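Report on the structure given below.
Nothing in this text is a laboratory measurement; each read-out follows from the coordinates by a stated rule. Note that the structure is a prediction, hence the values are computed from the model and not measured. Virtual Cβ from ideal backbone geometry, glycine too; neighbours counted across all protein chains shown.
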Amino acid sequence: MDSAEDRLLEWLARRAGASAAAPELQIGIGDDAAVLALAGRWVATTDAVVEGVDFVRPGASWRDVGYKAMAVNLSDVAAMGCRPRFALDVLALGPGASEEDAREIVLGIEEAAAPFGVVLAGGDISASPGPTMVVVVLLGEDVCGRTLTRSGASSGDEIWATGAFGGSILSRHLRPAPRVDFALALNRRAPVTAAIDVSDGLAKDLSRLAAASRVGARIEEALVPVHPDALALAARTGKTPLEHALGDGEDFELLFVVRPGFEELVVQIGRETSTPVRRIGLATDTAGTGAGLSIVCMDGNVEPLSPAGYSHDWTRSR
C-alpha cells in the first residue's frame, strides 16, 4: 500500500508534468535531483518559515504558510533586480500535520510562484519532531545585465521605498506582495545604486544598506509611508505608528537608492507596475564609517535613528 509520502510525491509529479515546461529544466520532480541547463548569470536565495516564529497555527492557514514561504524568497530575488525562475521546496511536517495539510502548503507555494512563472523543480518532504518548517530555495536569472546589491550607494543619492510599513503582524506578513515587476523595470531603466528587501524592519534594514555602502542615511518622518495597520496596532500597544513602521518588520517591501534627478522616472515605473513608491530620504556622507542614521522630525529637528527591528534569537533555550 502506498504511503502518504508516496502519494504526495505522485501528486507533485502530476502537477509538475501539467505545468508549463521550461527548456532549462531537463529533469524535474521524480528523480533524485533536478537537472538544469543554465547559461548566464544567476542569483540563489533561501528562506525558512518556521511554526511559532514566522506563523502561528491555527491563525495561519496551511496555504498561507506555503504562500509566505515562496513570497519571501521572491522578495529577495526582487531586491537583486532579477527574475525568479526555478524553486526547490522542503516540507518538514510537525506532529499532527496531515497529507492534506502538505498539499495545501504546496498549493500556497504554487499560488505565490505562478504570477512570475516560477517552475517548481524539486524538493523534499519529511517529518519533524518539532514545529512544521517550510524551506524554499529560489534561483533568479539576471535578465538586466546587472544585479542590484546593498553596497553601491553614494552620498547625495535618494532613498526610496515601495509600499507602506508597520503592523504587518495583523495579517499582511502571511501574504506579502513581492515587488518583482517593479524591481525588474527599475533595474532596466533607472540608475539604482543599492537595494535591500525589508524583512526585519525599515530602520534595521536601512542601517544594513548604509553600512554595506559605507554611507549614512537621513530620512524624513513626514515621508515615511505608514501603513494603516501600524495605526491600528499602535492603538493596542502604546507605541506610535511611526515606531511600528520603523521597527516591526515582515513588510517585505523594497528599500532602494537612486541617483538624484530621476524622481519622475521612478514614480512613472511605480505607476506602470501598480506599485506605491515614495522617496523618503538621502544617503549622507559619514567619512566612510557607515554610521550616522538620522531622521528629520515633524518639527524640523534632526535626531539619531536607532536601527530597531527584529532579530532571531536562537540562544534563548540554552
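Some observations on this one:
- Straightening the chain between GLU272 and VAL35 buys 81.7 nm, computed as 0.36 nm per residue apart minus the Cα-Cα spacing.
- Neighbour-count ranking [beta-carbon atoms within 10 angstrom, fewest first] of LYS68, LYS239, LYS204: LYS239, LYS204, LYS68
- Listed residues GLY163, VAL135, LEU12: farthest to the positive end of the dipole of the chain (Cβ charges): GLY163
- Cα-only Debye scattering, the chain: base-10 log of I(q)/I(0) at q = 0.08, 0.16 Å⁻¹: -0.39, -1.32
- Computed E for SER306/GLU99 - FRET, C-beta separation, R0 45 angstrom, nearest 0.05: 0.45
- From its DSSP helices (H runs of at least four residues, each -39,500 (n - 2.57)), the chain gives a residue-normalised ellipticity at 222 nm of -9500 deg cm²/dmol.
- With contacts taken as Cα pairs under 8 Å and at least 6 residues apart, the chain reaches a relative contact order of 20 percent.
- The equivalent ellipsoid that matches the C-alpha gyration tensor of region 86-217 spans semi-axes of 33, 18, 14 angstrom, in descending order.
- Of the DSSP H helices in the chain, those that are both long (alpha-carbon extent of 18 Å or more along the helix axis) and hydrophobic (Kyte-Doolittle mean at least -0.5) are 4-18, 62-79, 99-113.
- Region 24-141: antiparallel DSSP beta bridges as a percent of all, rounded to 5: 65
- Listed from fewest to most Cβ neighbours within 10 Å, the set CYS82, CYS144, CYS297 follows the order CYS297, CYS144, CYS82.
- Over 19 Å [Cα-Cα, region 209-262], rounded percent: 41
- Fewest-first sequence of ASP142, ASP6, ASP197 by Cβ atoms within 10 Å of each Cβ: ASP6, ASP142, ASP197
- Approximating the spin labels as points 7 Å out from Cα along Cα→Cβ, the TRP42-to-LEU223 distance works out to 3.9 nm.
- For region 23-70, the spread of Cα positions along each principal axis, largest first, Å: 41, 26, 16
- Fraction of the pair-distance distribution of region 24-141 above 23 Å, Cα-Cα pairs, percent: 27
- Scattering profile of region 158-304 at q = 0.15 Å⁻¹ [log10 I(q)/I(0), Debye over alpha-carbon scatterers]: -0.74
- Label sites at SER154 and ARG7, each approximated as a point 7 angstrom past Cα along Cα to Cβ, lie 6.2 nm apart.
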